[in-house]
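The values are calculated or read from the model by the stated rules, or taken from the named source; none is laboratory data. The shown structure was predicted, so the numbers you read here are calculated from the model rather than taken from an experiment. Cβ sites come from the backbone with ideal geometry, for glycine too, and all protein chains shown count toward neighbours. Side chains are part of the model used for accessible areas, which takes the heavy atoms of the whole protein and leaves out ligands, DNA and RNA. Shrake-Rupley method; radii C 1.70, N 1.55, O 1.52, S 1.80 Å.
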Amino acid sequence: MQATWRGIFPAVTTQFRQDQSLDPDASARHLEVLIQSGVNGLVMLGSLGENTSLEPEEKRRVVRTAIEVSRGRVPVLSGVAECSTAAACQYARDMEKLGADGLMVLPAMVYKADARETIAHFRAVARSTGLPILCYNNPIAYHVDITPAMFAELVDEENLVAIKESSGDTRRFTDLRNAVGDRYSLFVGLDDLALEGALLGAEGWITGLGLAFPRENRYFWELATTGRWAEARKIYDWYMPLLHLDTQVKFVQYIKLALQEVGLGAEWVRAPRLPLVGEEREAVLKVIRHGIETRPEAPACPRPA
């Protein structure tokens, strides 16, 4: 299966009302803004999408909304973050029936699998569906490291087409390329390593803060991936305090607060997460508001309706 995913694929938040019920209309409005900004795909129900706090039918509603809004203009991927391999396989089949364009598969949640178990999990999910799959490696958050050697073992699973690399170790991009060549498309998974990832050959970026600053985000990535390093670095300097918000324990609350400040969403999250309060909220707002006040000029990206 040919890997064709490249560019900016934002990890979209799941919008809630204050009572923690889904707000599909708010999600739809935000998705349209993202598409018009020039994103290349949409990743629903990742970590930022609060996947594990949603009920099965809610997950399907979120993905269905994205498919309806996209109307084929960009691919729609769904995160797969179930607690068992069997559940992950069933969810993958359900997403295929629903009409999703692909999946972002995480290791099975809760359990700290070893290499043999992790490989078996990804093989099983891959063989349960014909959809192309982006493999999500985030050992910091999920305590399972999918190493370059493990990805080399998985090359025979043709629908494993891309890797979201979030280990925090920029050497991984080079190690992956040395281990598997161009077998997988490589995506930056941590916002505050985006420029470094682009320099090391990443073909895409699963962005978080780009949800709140989609035009600046797209322009920065365009500069970085076309070798306009000095211009890209100037925007990166402005962007970095905001990008750091993506790598904190409360990154969901931080990014949703940014969305609220720019008028693209609301800060409501689902328990056990709670909205920010007190000094922490004021400190994050200070970063966000400074970013808004000093945001650089970025050209629009015309997108057919």
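General observations
- Residues in region 64-82 that are part of a loop (DSSP other than H, G, I, E, B) and touching a strand residue (DSSP E or B) at 6+ places or on another chain (Cβ under 8 Å) were compared, and the one that is least open to solvent (accessible area, probe 1.4 Å) is V74.
- All conditions but one from (1) of a type in the set (S, T, Y); (2) part of a loop (DSSP other than H, G, I, E, B); (3) open to solvent by less than 10 Å² (accessible area, probe 1.4 Å) apply to T118; the one that does not is (2).
- As a summary of the residue check, M104 satisfies the conditions (1) within 21 Å of S185 (Cα to Cα); (2) assigned to a helix (DSSP H, G or I) except for the one numbered (2).
- Within region 24-63, the set of residues being under 18 Å from A88 (Cα atoms), out of contact with any strand residue (DSSP E or B) (no Cβ under 7 Å at 6 or more places or on another chain) and not hydroxyl-bearing (S, T, Y) comprises E50, L54, E55, P56, E57, K59, R60.
- Qualifying residue in region 100-109 (condition: within 25 Å of I255 (Cβ to Cβ), open to solvent by 30 Å² or more (accessible area, probe 1.4 Å) and not charged (D, E, K, R)): no
- Where N138 falls short, out of the listed (1) touching a Gly at 6+ places or on another chain (Cβ under 9 Å); (2) free of Cβ contacts under 8 Å to residues at least 24 places away in the same chain: (2)
- Lone qualifier among G265, G291 - being touching a His at 6+ places or on another chain (Cβ under 9 Å), open to solvent by less than 70 Å² (accessible area, probe 1.4 Å) and either assigned to a helix (DSSP H, G or I) or modelled with pLDDT of 95 or more (or both): G265
- Set G79, G7, G46: member being within 19 Å of the chain's Cα centre (by Cα), on the phi > 0 side of the Ramachandran plot and not charged (D, E, K, R): G7
- Conditions (1) touching a strand residue (DSSP E or B) at 6+ places or on another chain (Cβ under 8 Å); (2) within 30 Å of C301 (Cβ to Cβ); (3) buried (at least 19 other Cβ atoms within 10 Å of the Cβ): number failed by A92: (2)
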